[in-house]
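To start, the structure itself, in structure tokens.
The values are calculated or read from the model by the stated rules, or taken from the named source; none is laboratory data. Note that the structure is predicted; figures quoted are calculated from it, not measured. All Cβ positions, even for glycine, are placed from backbone atoms using ideal geometry, and neighbour counts span all protein chains on display. What goes into the accessible areas is simple: the full protein's heavy atoms, side chains included, and nothing from ligands, DNA or RNA. Shrake-Rupley method; radii C 1.70, N 1.55, O 1.52, S 1.80 Å.
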Amino acid sequence: MSTPARGHQPAPDQRQEPGLIGRVAGAVTGRMVGIVPIEAVLDNVDVNTVLDEVDVNRLLGRVDIDRLMERVDIDALLERVDMERIVYRAGIPQIVAETTGHLAGGTLDLARARLADADRLAERIADRVTLRRRTRPVWYDPATGLASAYAGGVSRLLAWLVDLGVVLAAYAGTTAVLHLLLDAFGLSDSWLSKQGAQLLAAVALGAWAAVYATVCVAVADATVGKWLLGLRVQRVDGSPVGPARALVRAVAFALSATLFLVGLVLIAFQRRSRGLHDLIAGTVVVHVGPRPSRLSQGAARGGMEAPGTMSA
């Protein structure tokens, strides 16, 4: 009978049972594992000493990185990774939103501050033109202890341009919708002459602008343009404008604009930058910056004015 070749491993079902010594060694090992407290052994192991004895460089040198990477299926690994969940749990969307909000808010605040500087420069130029040397007063609210500069011609002009864009865009959209409705119901405006249509359009545009300014100032103390540039409309006594006074101011603005812009040019030369419509309605326009100056109750002197104490 031939003997098995050296190195030949018998089939699993042909392996012999362990002998007596093997069974005894296995029983003793199992008994020792059950008796010896593993936690106590691990507590006595100095991990730092073990790591110091390990030659990490030699260990890494024996690792075949290329072969290891070849056996790793990167595509399958990435498919099992929920990147959306990882990004969400890391709070990245919130971080991006907060960073963008702070950046946008900081840029807007900086632009408002530069507009206030431009107003002061325009006021100094106007004073030079009129050969006047005077200190422009500052709006002071004793209820909050905050002082703000009056809004000058530069910031108010830019706010008016923004409002003009809003009014024209809304008017154009409304007009387009009305034309579509007229066509849908088979109606026509052909009965109007060309001059009549132009007059009607002008009246409708003016009425819409007055409604826009009245509602915005009565509700929020500012139109869209003024809010964007950090301006606020107030009564001279510091109280909110209210619907009636806001309507008077809107109508008076049309008067200021039609008198050869004299009512608007007055903003550059009036001490508190008030236009004709402000004088008629008893209002002022002030800057509402992110960091208004905080003053003491006695700081209303020397150019500071408390609401209700100023003259026209």
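Residue check: is ALA143 over 25 Å from the mean Cα position of the chain (by Cα), on the phi < 0 side of the Ramachandran plot, loosely packed, with under 11 Cβ neighbours inside 10 Å and at pLDDT below 75?
On the way: over 25 Å from the mean Cα position of the chain (by Cα): yes; on the phi < 0 side of the Ramachandran plot: yes; loosely packed, with under 11 Cβ neighbours inside 10 Å: yes; at pLDDT below 75: yes.
Yes; evaluated as a whole, the condition is true for this residue.
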Subject >> Residue identified as at pLDDT 75 or above and of a type in the set (Val, Ile, Thr) among VAL87, VAL63, VAL36 >> reply: VAL63
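Residues of region 211-234 being outside any loop (DSSP other than H, G, I, E, B) and crowded, with 18+ Cβ neighbours inside 10 Å, which ones? Reasoning before the result, please.
Here is the first cut: in region 211-234, the ones outside any loop (DSSP other than H, G, I, E, B) are 211-220, 224-228, 231-234.
Within region 211-234, TYR212, ALA213, THR214, CYS216, VAL217, ALA218, GLY225, LYS226, LEU231, ARG232, VAL233, GLN234 qualify.
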Original post:
Which ones in region 266-283 are over 33 Å from the mean Cα position of the chain (by Cα) and buried (at least 24 other Cβ atoms within 10 Å of the Cβ)?
Top reply: ALA281
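Let's see how each residue does on (1) open to solvent by 80 Å² or more (accessible area, probe 1.4 Å); (2) in a helix (DSSP H, G or I); (3) at pLDDT 75 or above; (4) of a type in the set (A, V, I, L, M):
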position: THR99; (1), (2), (3), (4): yes, yes, no, no
position: THR107; (1), (2), (3), (4): yes, yes, yes, no
position: LEU110; (1), (2), (3), (4): yes, yes, yes, yes
position: ALA122; (1), (2), (3), (4): no, yes, yes, yes
position: ILE125; (1), (2), (3), (4): yes, yes, yes, yes
position: THR135; (1), (2), (3), (4): yes, no, no, no
Original post:
Here are some residues: VAL138, VAL166, VAL154. Which one is β-branched (Val, Ile, Thr) and more than 23 Å from VAL224 (Cα to Cα)?
Top reply: VAL138
Subject >> Inter-residue pairs, beta-carbon under 6 Å, first without any contact (Cβ under 8 Å) to a residue 60 or more places away in the chain and over 15 Å from ASP119 (Cβ atoms) and in region 257-280, second part of a helix (DSSP H, G or I) and of a type in the set (Lys, Arg), 6+ apart >> reply: HIS277/ARG249
